[in-house]
Amino acid sequence: MYLGLVLVGATPGVLAQHAATTKVFELKDEIENTDDLDKDPDRSSLSNSIKTYFEDVEGFLVGLQRLGKRGAFDANRDYFEVAQRTLLPCVAGNKIGSYTADKFDAANPATKPLLERFGKLLTDGYSLADCLPTGRFQGQDATHSQFVLRLDDNNFSVEVGVRKRSASDASRFLGSLGRAIEIFKAKHDPAHVGKIFDATSVRSRDDQVFIVTRLPRAALDTLLAENAK
C-alpha cells in the first residue's frame, strides 16, 4: 500500500461516455455465472474496499501533484466537476452495465485524462452496493452507485454513493462502514495520511450510503505543495 502521497502509477483506462449522455450495454443471453453479491460485505471485503478507496483518492492527488510540478495544474485557479451514475448487473467480474455521465466539466484540458482515469475507478461503488431488481439486464439484479468529483471555489471533494435494500439496511451498513474505517485508520501512520483521513466521513440518506472526502481548496494547495518537495 502506498498511502502517503508517494509517486504511484494509476490504473489505465478511459471512461466510455460523454457529458449528459447515457450508454447502455445489455448483457448477452449466454451470460449465466452470477455472484452472490446481495450480502453485506464482510469485514475483510470492507477493509479491501476502504483501502482501495483511500489509495484511489491519494493516487488522484498524486496525479494533480505531478501536473502541478509541470505547470499544467494550478490548485488555486483550476476547476472541474465530474458526476456519474452506474448500474452494474451482479455477474462475477462484470464491468458491463449502464453508465450515465451527468456532468464532465474540466476547463483545463491537461486534467481530463486524469479525471477520466479516476472516474473509471469510481464506477463500481467499491463493491459496497446491494444487488437490487431493476427490470433491466434480462432480469438480472444490479448494483446502483454514483459519484461526484469536484474542485470548486471552496473545496476539493469526492463523493461516492451506493444504494442498499432499504433505509434501515443503509443505517446498519453505515455503522459497519464507519467502524471499519476507524479500524483502518488506526493501523496507518497519521503523519502520512492524516489529512485525507480527517477529511473523509460517511453518512446515509434514505436507502443510500455515502463516503465523502472534502478538503478546503487552500488545504489542497498546501497538501500538494508539501508532497511536491
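One line per residue, one yes/no per condition, for (1) closer than 18 Å to A106 by Cβ; (2) surrounded by 16 or more Cβ atoms within 10 Å (Cβ to Cβ); (3) at pLDDT below 90; (4) of a type outside the set (D, E):
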| position | (1), (2), (3), (4) |
| --- | --- |
| D29 | no, no, yes, no |
| D35 | no, no, yes, no |
| P41 | no, yes, yes, yes |
| S44 | no, no, yes, yes |
| S47 | no, yes, yes, yes |
| Y53 | no, yes, no, yes |
| G63 | yes, yes, no, yes |
| L67 | yes, yes, no, yes |
So, A129, is that one of a type in the set (G, A, S) and under 18 Å from F156 (Cα atoms) or not?
no
Which residue out of F173, F156, F137 is aromatic (F, W, Y) and within 30 Å of D221 (Cβ to Cβ)?
F156
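Can you report the number of residues in region 133-155 which are in contact with an Asp or Glu (Cβ under 9 Å, 6 or more places away or on another chain) and of a type in the set (S, T, N, Q)? Don't jump to the end; show me each part of the working.
In the first step, residues of region 133-155 are kept if they are in contact with an Asp or Glu (Cβ under 9 Å, 6 or more places away or on another chain); the result is 133-134, 136-138, 141, 143-152.
Remaining after also requiring of a type in the set (S, T, N, Q): 134, 138, 143, 145-146.
Going through region 133-155 one residue at a time, the tally reaches 5.
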From the list F137, F80, F118, F104, which residue is modelled with pLDDT of 95 or more and crowded, with 22+ Cβ neighbours inside 10 Å?
F118
What are the pairs, 6+ residues apart or on separate chains, where a residue within region 46-64 that is closer than 23 Å to D221 by Cα has its Cβ under 7 Å from a residue that is outside any helix (DSSP H, G or I) and at pLDDT 90 or above?
Y53/I211; V57/V158; V57/T213; L64/F73
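Sort out for me the helices (runs of 4 or more DSSP H) sitting completely within region 118-229 that have 3 or more residues that are of a type in the set (D, E, K, R).
On the way: elements: 167-186, 190-198, 217-227.
Here the list reads 167-186, 217-227.
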Pairs only if they're at least six apart or on different chains, beta carbon under 6 angstrom, first in region 144-155 and touching a residue at least 60 places away in the same chain (Cβ under 8 Å), second part of a loop (DSSP other than H, G, I, E, B); list them, first residue then second.
S145/A129; F147/L122; L151/Y79
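The values are calculated or read from the model by the stated rules, or taken from the named source; none is laboratory data. Quantities reported herein were computed from a predicted structural model and do not represent experimental measurements. Every residue, glycine as well, gets a Cβ built from its backbone with ideal geometry; the counts of neighbours run over all protein chains shown.
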